[in-house]
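Notes follow once the structure below has been shown.
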Amino acid sequence: YRFGPLSRPNSKSLEVAYGLKAGDKVALALTARYLHYANGLGDKYSALNFDLALYSQLPMSYREGAMLNIGAQLSNAGFSITKKGFTQPLTAKVGVSLYNPFGDAHSLLAAVDLGYRVAPAGMNGKNGIQANLGLEYSLMQLIKFRAGYAHNLHDYATLGLGLRFMHVQIDGSYWISAKNCPYNRVFRVGIGLEF
């Protein structure tokens with residue numbers, strides 16, 4: 001039996017988001033996401049997913065500029081485009097974060113969220129509770145130091161660094177977990193543009 005040519009697995013995504021301020025303290029956001037995945041064996045899958053989020057920001061009286069942020073999100077509601085199923089796990093989350101500025105140059109952000117994941121039938125992975133914790137220290141909104149811990153399908157910790165110059169944001173993170181976890185010793189980089 002002769003096998004065809006093999007190639008590296010690859011995945012791509014394209015996202016478009018729209019936000020709406022529904023009042024002085026409440027905002028809504030809708031994100032549409034196109035996903036494409038090739039497993040390197042000739043199989044290709046595509047899907048279209050949607051996220052819906054609700055967000056509220058409440059000023060805190062104990063310190064000027066301090067904010068309590070509360071949010072809820074329903075993510076990965078969508079469908080497979082290809083004949084073979086490629087739906088993502090549906091996740092519902094609620095989260096809270098507290099932003100504390102210290103003078104004009106320093107700030108600290110602490111966040112926690114809880115969620116529940118529902119995997120589609122036949123997909124590897126279990127349904128279950130998810131939890132995430134995170135801290136971010138910001139220096140003049142130009143340099144950000146981050147640390148976090150996640151309890152999901154795998155438990156892992158992250159260390160991160162963010163740099164901002166003009167309208168460009170560069171974020172890097174290093175993931176640490178058990179040796180049998182696919183996230184162990186992974187380095188990720190993201191680049192964003194703000195207009």
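Where strands (runs of 3 or more DSSP E) sit wholly within the range 1-114, those with at least 1 residues that are on the phi > 0 side of the Ramachandran plot occupy 67-80. Test Leu90 against the stated conditions and say whether it is open to solvent by 30 Å² or more (accessible area, probe 1.4 Å), within 25 Å of Leu14 (Cα to Cα) and at pLDDT below 90. So Leu90 fits the description; yes. For the range 140-195, filtering for residues that are of a type in the set (Gly, Ala, Ser) and either on the phi > 0 side of the Ramachandran plot or assigned to a loop (DSSP other than H, G, I, E, B) (or both) leaves 1. Among the residues of this structure, Ala110 does not count as one that is free of Cβ contacts under 8 Å to residues at least 60 places away in the same chain, under 22 Å from Arg33 (Cα atoms), open to solvent by 30 Å² or more (accessible area, probe 1.4 Å) and small (Gly, Ala, Ser). Taken over the range 177-191, the criterion of being aliphatic (A, V, I, L, M), out of contact with any His (no Cβ under 8 Å at 6 or more places or on another chain) and open to solvent by less than 80 Å² (accessible area, probe 1.4 Å) is satisfied by Val186 alone. Just so you know, in the range 23-79 the residues that are exposed (fewer than 15 other Cβ atoms within 10 Å of the Cβ) and among the aromatic types (Phe, Trp, Tyr) include one that is farthest from Gly103 (Cα to Cα), and it is Phe79. Number of residues in the range 113-132 that are under 18 Å from the mean Cα position of the chain (by Cα) and open to solvent by 80 Å² or more (accessible area, probe 1.4 Å): the value is 3. No other residue among Leu153, Leu161, Leu135 is of a type outside the set (D, E, K, R), open to solvent by 80 Å² or more (accessible area, probe 1.4 Å), modelled with pLDDT of 95 or more and touching a Lys or Arg at 6+ places or on another chain (Cβ under 9 Å) apart from Leu135. The lone criterion from (1) in contact (Cβ under 8 Å) with a residue 12 or more places away in the chain; (2) open to solvent by 40 Å² or more (accessible area, probe 1.4 Å) left unmet by Ser97 is number (2).
The values are calculated or read from the model by the stated rules, or taken from the named source; none is laboratory data. Everything numeric here is computed off the predicted structure, so don't read it as measured data. Quick reminder, even Gly has a Cβ in these numbers, built from the backbone with ideal geometry, and neighbours come from all protein chains shown. Side chains are part of the model used for accessible areas, which takes the heavy atoms of the whole protein and leaves out ligands, DNA and RNA. Shrake-Rupley method; radii C 1.70, N 1.55, O 1.52, S 1.80 Å.
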